[in-house]
Amino acid sequence: MNQPVSARHSTFLLVLAFIGFISLGLPDAVIGVAWPSVRDTFRLRQEAIALVLVISGIGYLASSFLAGRLMQSMGIGLVLAASTGLVSAAMFGFAYSPLWIAFLCCAWVHGMGSGAIDSGLNGYAAHHMSTRSLIWLHACYCFGALIGPVLMSSILASGRHYSAGYASVGGIMLAMSVLFLITFRSWGEISSASKSEETPAEPKAPPVRPRVALKYAAVWLQMAVFFLYTGLEVTFSQWTYTVLTESRRVSPVTAGIVVGVYWGCIGVGRIISGMIADRVGIDRLLRCCLLCAGSGAILMASRFPVEVAFLGISLVGLGLAPVFPCLMSRTPRRLGTQISAHAIGFQVGAAMIGAAVVPGTLGLFAGIGGLEMVPLGTVVLFGLLGFLHERLLCFPDVGTSNPS
């Protein structure tokens, strides 16, 4: 009788994790739609949005690095409930902040909550879900990132204030916080059960210095891979429209469609890769996908007609789609459960830094050598990313056998 109950709990938590990732994506893209209204309300300059993003990023970085310690002391259920509550509070704060400084404080709270949610759900999924489920989990994020802007733009188009959009998102996040709080014991019980099952698979020999050194070297290498991957993903999102319209004279409508196709391919690619990951093997799938994405980047950098750029950006989106969730899934097998609980938070933090540093650095090169430096730079970075991933495959697993 206990087994069906455990299965029901597992299914419920799986569904809740999917909903959680949709809700994680909801607030992230809202600011882009709401910003003109926010800017006019507080009488700001256009570039003031950078302050919102930077402050939110600092909070995100801090909480993601602390997530492993928090989950060990509080349990994943309470961490998810508290951090989702922070995001909800930030959304209501965005809606009703009377002063610009208060709006910026809410950005920090939003970052703190989002970083812990991202690390917590990724950590739970990496330890307790199949690779397929983990990939589809990240596809849900894309769905949430689509819903948020649509919700906000619909509210603004109806003539209502942006506060109504933020309050709507805040209400959804508050409901998620309550669900996480109600189920926090279930998250903890399954986590403990999983650990007890995985413990015998861990090596029982006392730690050896070279093995420990290899583990920490693998952590740093994985952080570098996450840094580059996320930086490249955001670079294509932020710079493709500008490169096509201002350097290659593509119409704004067509360039917007190309960027939309890019995100659509990431979502579709995650659904497809989730179906085949277990059969193909994670490492083999990652190798093929990085080759696919690199080929697309070469097509983008070659200045062929827009049809070829359309094909190139599609290949980049499809190739990048499974990288983040697959690397997360590999982390416990590569590092073991003890180190991976902390390493996942470090990886999410490295990804956040890469999302800011890589597109910003390529933007500096574009200012010096022209916009075409951006696609050329992505080709070089894809080469480096492929090299680092191949080096990562040289590290022996300490958990289960290599999935490839």
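Limited to the range 321-337, what total is found for residues that are open to solvent by 10 Å² or more (accessible area, probe 1.4 Å) and either under 19 Å from Thr378 (Cα atoms) or without any contact (Cβ under 8 Å) to a residue 12 or more places away in the chain (or both)?
Adding up the residues that qualify gives 1.
What do you reckon, is Gly32 modelled with pLDDT of 80 or more and under 20 Å from the mean Cα position of the chain (by Cα)?
no
Given the condition open to solvent by 30 Å² or more (accessible area, probe 1.4 Å), modelled with pLDDT of 80 or more and over 22 Å from Ile147 (Cα atoms), answer yes or no: does some residue in the range 312-320 qualify?
Looking through the range 312-320, at least one residue is open to solvent by 30 Å² or more (accessible area, probe 1.4 Å), modelled with pLDDT of 80 or more and over 22 Å from Ile147 (Cα atoms).
Hey, does the range 250-271 have a residue that's in contact with a Pro (Cβ under 7 Å, 6 or more places away or on another chain), open to solvent by less than 60 Å² (accessible area, probe 1.4 Å) and not aromatic (Phe, Trp, Tyr)?
yes
Table: residues versus (1) small (Gly, Ala, Ser); (2) touching a Ser or Thr at 6+ places or on another chain (Cβ under 8 Å).
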residue	(1), (2)
Ser247	yes, no
Val250	no, no
Gly256	yes, no
Glu307	no, no
Leu311	no, no
Ala321	yes, yes
Cys326	no, yes
Leu335	no, no
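If you go through the range 224-235, how many residues are open to solvent by 10 Å² or more (accessible area, probe 1.4 Å) and within 15 Å of Leu318 (Cβ to Cβ)?
1
The values are calculated or read from the model by the stated rules, or taken from the named source; none is laboratory data. All of these numbers come straight from a predicted model, not from anything done at the bench. No Cβ is skipped: glycine too gets one built from the backbone with ideal geometry, and neighbour counts run over all protein chains shown. Protein only, heavy atoms only, side chains kept; ligands, DNA and RNA dropped before computing areas. Shrake-Rupley method; radii C 1.70, N 1.55, O 1.52, S 1.80 Å.
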